[in-house]
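The values are calculated or read from the model by the stated rules, or taken from the named source; none is laboratory data. A quick note: this is a predicted structure, and the numbers were derived from the prediction, not measured. Cβ atoms come from the backbone with ideal geometry, glycine included; neighbour counts cover every protein chain shown. Ligands, DNA and RNA are excluded from the accessible area calculation, which covers all protein heavy atoms including side chains. Shrake-Rupley method; radii C 1.70, N 1.55, O 1.52, S 1.80 Å.
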Amino acid sequence: MSAHIGDFGRPHGTVPPRAALHTDAPSIDLSGAWRFRLSPTATGLDEFWAEGYDDSGWDALPVPSSWPMHGYGQPAYTNITYPFPVDPPHVPTENPTGDHRRVIEVPADWAGQRVLLRFEGVDSYGRVWVNGAEVGATQGSRLTHEFDVTAHLRAGEANVVAVRVHQWSAGSYLEDQDMWWLPGIFRAVTLEVRPSGGIDDVFVHAGFADGRGTLRVDAPDGALLSVPSLGLRDVAVNTDHVLDRVEPWTPETPTLYEAAVSTGAETVSLRIGFRTVAVVDGLLTANGQRIFFRGVNRHEFHPDLGRVVPLDAVRAELELMKTHHVNAIRTSHYPPDAALLDLCDELGFWVVVENDFETHGFEQNGWRNNPTDDPRWTDALVDRMRRTVQRDKNHPSVVMWSLGNEAGVGRNLASMAAVARELDPDRPLHYEGDRSNAHTDVHSRMYATPDEVAEIGAAPDGLPFVLCEYAHAMGNGPGLLSTYRELFERYPRCQGGFIWEWLDHGIRRGNHFAYGGDFGEPVHDGNFVIDGLVFPDRTPSPGLTELGAIFAPVRLVPDGDALTVRNGYDHRDLTGVTLDWTVAVDGTTVAAGSQAAPDLAPGQSAPLPALHADVPAGRGEAWLTVTARLAGATVGAGQVRLRSAADRPRRSGRRLVGDTLGPAVFRGGDLVALGGLALRGPRLDVWRAPIDNDVFGPDPVADRWRKAGLHRLTHRVVDAADGADGYVVTSRVAPAGSDRALLATYTWTADDDAVTLALHVEPTGDWDVPLPRAGVSMAIPGRLGAVEWFGGGPGEAYVDSSVAALVGRYESTVDALQTPYVRPQENGNRTKVRQASFTDPTGAGLELIGHPTFELTARRWSTAELTSARHTDDLRPGRDVHLHLDYGHHGLGTAACGPPPAPEAWLHAEPFDLVVTLRAR
Ligand code: IPT
């Protein structure tokens, strides 16, 4: 056996990397059932590659696949920590090894032709045999490797392809990305004829400058190029063309031109997009215009299949990004399946393709022996960079190459940068890990605070700046998105960034999604792998809805009692955009219409003509809501209040008689019934089920909350007495062991059918922690499952994530108000609620009226139960509906990996008031 598996990360036996091409050369897709055997170690195995080997006792496994997702071994998750000793280049003897065999018929007419065997993704190391002869080995899990198997293949006969995949190899040291460790042949395997006189490689150089396209297609001499729609027919390759009447390619206008490069032996089809990417005067530009990345980091993951993502799922997720106005993707932290980039060309995204390279776990060892600075690893790293550039160089969507992620610094960065520049001088380079920017064309940071971003933006000169990761979308959140957008719009150098991250990598297990530690991993990072804008099954989380509202290109901004429309597209006018408007009084539409958007160039604004001449006279709260639509999709929405509500009537006039105040019955100062409806509460409550942004990060606020005892407050009724102002209950609310308290004064008034609670709260003692929430909780009968409200909606919203919430009248159910965060945590708040009702199927129930508003949460389990749940199916509906009516919430922020809420979104322990009318109906 060799000294170590994988020769310092070098693959061997492969042909030189080349572009992914759509060709008419014959090929055979080797997807399907292969024979498979898993062994716990890499040593002592038999010669399964031999042609006569009997694999009839083996199982069948689909290829492509991540074998732990098919019951072979277990997935394992670590973020930074290597799941094996840091002992480069060695890996443990316990090294799950998957032997794959497949017999394939090769057509007789392939005889005499050159044939390549291509692997597009093998995690982490694949030794390959054809008909018993070893042809080489892959290394670089997310990179394409091709082997020339001409000498070993027999046309017109059955052939045996055998692949031994080791989970761990030297290359694993270069692949410490924050994701599940999932071995397998997880992308396509193909046999392809390379016709003699064919086209092995093509490099399209298509620029756009001064209103004209430039085109040069590098291909074998003698090949001919056609771009019929541009009038090019069978013109020579390797020559420069200048083309009038070319539309530039941008994500907003992804114009592609069908093209073909042909020799007598082979035709390659291409889709050409014309754009020039360059750093000009400190700005990253495309076609001379500033690029603005409204981006996401995208990993490849599927909750049932692991690293295998079917093409229809990829298309669906890109379409979901488009409808939420995402215009850029960083392929964190490796090149994606090649098909993704075809879709990005077609649908329109700026793409930063990252090399398959991360050595983050060396940081925990003082960066000692980091491959990034070790010449023994130079070949492997240069090979990785070369494979990355070569495969993906023809995509107009790809605007930058990234050397990798979180790999520290060292001399191999220079080698990688050099090979990328040599192969492709036309694309700038990105790498975040080297603050000196010695090898990059843009300055990049992750999780910089808004203040740091402003400082970078205001600096007199420097490189273009991108946030390659920001707004960590773990659990409920992120907050702060509009703060970052303002910075990107204020400072030209701050060219946007990429949210961390697109998708929760939860693994479906029974009725829930599993995360790190759920598979018995001895070392793991829990739910840090659940930090996406969409759930594992790709349903949007509220964070994505908020992002969509923030990056919507048609901006409708209140200005006095009118709206201003701003064209927030970068590259197109508002042709085709219609503005659909409604005027609603107390949530009921009274007038509606539609008009074309004004003619505005990118960045221009105009006031909208008055649309609300016809608000009927009266007392209700009136709103003008405008929704911008383009080809059926929503491209912006905004609101302005046309008239404030007259204060809704409070209830008064009744005095306490025994335990009864109007329709309400009290016991020991607590409301227990209202007009025949059994209730518990409302009582002061400040606890929320900590969200990930409360729990993680360097100084988790949830630790301070628990230390302060905010999850175990006790109540002491100090006094309960009827008086001139109403029935007044005072209570001292405090945790065991502390002399700090919240003094609550509940003043109850009533008339015949309703009571009004005016709650005043005064903190006393030394409060050095913010409050999670500030309000009351109460329980109502579980049959009141239908919800209707007038206020912010339709979705969940919090103080620093509420741009998507529009004031309106909404209907839902208690069940549908829940957001199923993979690790259960506080969720579901509806903001600025004026009025709400909870009713049973007969329409009877409870109505709540805010003076003026309250924050509303309702669920079928208590906040204590929500706090202790680990997975969604730990939550079981109880008999009651638990309500929280809040004055406010602490902001969401993004502290799980990034800054806490902005100062104005903190909920400091200060006096507050909450006034709500309750009516049984
Ligand atoms: C950063 C990583 O680049 C990313 O892969 C992911 O792990 C993210 O953090 C957290 O979810 S690195 C971090 C130490 C800032």
- Query: Which of the chymotrypsin sites (Phe, Trp or Tyr not before Pro) found in the stretch 713-777 are loop residues per DSSP with 15 or fewer other Cβ atoms within 10 Å of their Cβ?
  - Reply: W767
- Message: Could you compute how fast the stretch 871-921 diffuses translationally, taking Rh as the Kirkwood radius over C-alpha pairs and applying Stokes-Einstein at 4 °C with viscosity 1.567 mPa s? Give it in µm² per second.
- Response: 87
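State the extension gain, in nm to one decimal, for the chain segment bounded by R411 and Q604, taking 0.36 nm per residue of separation less the distance between their alpha-carbons. Could you put the intermediate results ahead of the total?
Details: separation 193, 0.36 × 193 = 69.48 nm, distance 4.65 nm.
Length gained between R411 and Q604: 64.8 nm.
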- Take the alpha carbon gyration tensor of the stretch 279-550, find the square roots of its eigenvalues, order them as a ≥ b ≥ c, and report rounded if a/c is under 1.5; if not, report prolate when a/b exceeds b/c, else oblate. rounded
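Report, in deg cm²/dmol and to the nearest 500, the calculated mean residue ellipticity at 222 nm for the chain, where each DSSP H run with n ≥ 4 adds -39500 (n - 2.57) and the sum is divided by the residue count. If you can, show how the numbers build up before the last one.
Details: 10 runs with 96 residues, N = 921.
Mean residue ellipticity at 222 nm (helix-derived): -3000 deg cm²/dmol.
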- Message: Please report the net charge: other residues with Cβ closer than 12 Å to the Cβ of R879, K and R +1, D and E -1.
- Response: +3
- Message: What Kirkwood Rh does the stretch 22-83 have if only Cα atoms enter the pairwise 1/r average? Answer in Å.
- Response: 14.9
- Item | Rough spin-label spacing in nm, given labels placed 7 Å along Cα→Cβ, for E105 and L347 | 3.8
- Where W789, W861 fall by accessible area, highest first, once all protein chains stay in place (1.4 Å): W861, W789
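Keeping all protein chains in place, calculate the accessible area per residue for the stretch 397-521 (probe 1.4 angstrom), answer in Å².
Details: 3720 Å² over 125 residues.
On a per-residue basis, the stretch 397-521 sits at 30 Å².
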- About the Cα centre, charge dipole magnitude for the stretch 383-537 (Lys/Arg +1, Asp/Glu -1 at Cβ), debye: 480
- Query: Quick one: longest stretch of the chain between exposed loop GluC sites (Glu not before Pro), exposed meaning at most 16 other C-beta atoms within 10 Å and loop per DSSP?
  - Reply: 253-921
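Rounded to two decimals, what is Rg over Rh for the stretch 163-316 when you use alpha-carbon atoms and the Kirkwood radius?
Values: Rg = 20.2 Å, Rh = 19.2 Å.
Here the Rg-to-Rh quotient is 1.05.
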- Task: Determine the principal axes of the Cα atoms in the stretch 22-194, then give the extent along each, sorted from largest to smallest and rounded to whole angstroms.
- Result: 51, 37, 26
- Note on the structure: So the angle from the long Cα axis of helix 378-392 to the longest Cα principal axis of the chain, reported in degrees to the nearest 10, equals 80
- Query: Given a cut-off of under 8 Å on Cα pairs at least six residues apart, what relative contact order in percent is computed for the stretch 203-265?
  - Reply: 34
- Item | Residues of the stretch 805-921: accessible area per residue with a 1.4 Å probe, Å² | 36
- Task: Give the shape of the stretch 656-920 as rounded, prolate or oblate, defined through the alpha-carbon gyration tensor: a ≥ b ≥ c are the square roots of its eigenvalues, a/c under 1.5 means rounded, and otherwise the shape is prolate if a/b is larger than b/c and oblate if not.
- Result: oblate
- Item | Accessible carbon and sulfur surface of the stretch 203-265 relative to its total accessible area, %, 1.4 Å | 48
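Which percent of the accessible heavy-atom area of the stretch 292-367 goes to carbon and sulfur, probe 1.4 angstrom? Working shown, then result.
Details: 920 of 1700 Å².
Exposed carbon and sulfur together represent 54 percent of the surface.
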- Note on the structure: So, with points 7 Å from each Cα along the Cβ direction, the D24-A631 label distance in nm works out to 3.0
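For the chain, what is the convex hull (Cα atoms) projected area averaged across all directions, in square nanometres? Walk me through the numbers on the way to the answer.
Details: hull surface 165.8 nm².
Quarter of the Cα hull surface area: 41.5 nm².
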- Task: Would you work out if the stretch 775-921 is rounded, prolate or oblate? Take a ≥ b ≥ c from the square roots of the eigenvalues of the alpha-carbon gyration tensor; rounded if a/c is under 1.5, else prolate when a/b is larger than b/c, oblate otherwise.
- Result: oblate
- Note on the structure: By accessible area (1.4 Å), largest first, K707, K832, K322 order as K707, K832, K322
- Task: Rounded to the nearest Å, what's the spacing between the alpha carbon centres of the stretch 641-714 and the stretch 49-110? Just the number, please.
- Result: 56
- Listed by chain and number, the aspartates and glutamates with an alpha carbon less than 12 angstrom from that of K707, same-chain partners under 8 positions apart left out, are D768
- Can you give me the Cα centroid spacing of the stretch 807-876 and the stretch 141-204 in angstrom? 51
- Query: Can you work out ³J(HN,Hα) from phi for every residue in the stretch 316-321, in order, using Karplus 6.51 cos²θ - 1.76 cosθ + 1.60 and θ = phi - 60°, giving whole Hz and x for Gly and Pro?
  - Reply: 4, 6, 5, 5, 5, 4
- Message: Can you give me the % of accessible surface on the stretch 557-643 that is carbon or sulfur? Probe 1.4 Å, all protein chains present, nothing else counted.
- Response: 53
- Message: What percentages make up the Cα-Cα pair-distance distribution of the stretch 222-313 when the bins are 10 Å wide from 0?
- Response: 13, 29, 27, 26, 6
- Seen from all sides and averaged, what is the projected area of the convex hull of the Cα atoms in the stretch 473-565, in nm²? 8.5
- Hey, what do the phi angles of the stretch 141-149 turn into as Karplus ³J(HN,Hα) couplings, whole Hz, using 6.51/-1.76/1.60 and θ = phi - 60°, x for Gly and Pro? 4, 9, 10, 8, 10, 10, 10, 7, 10
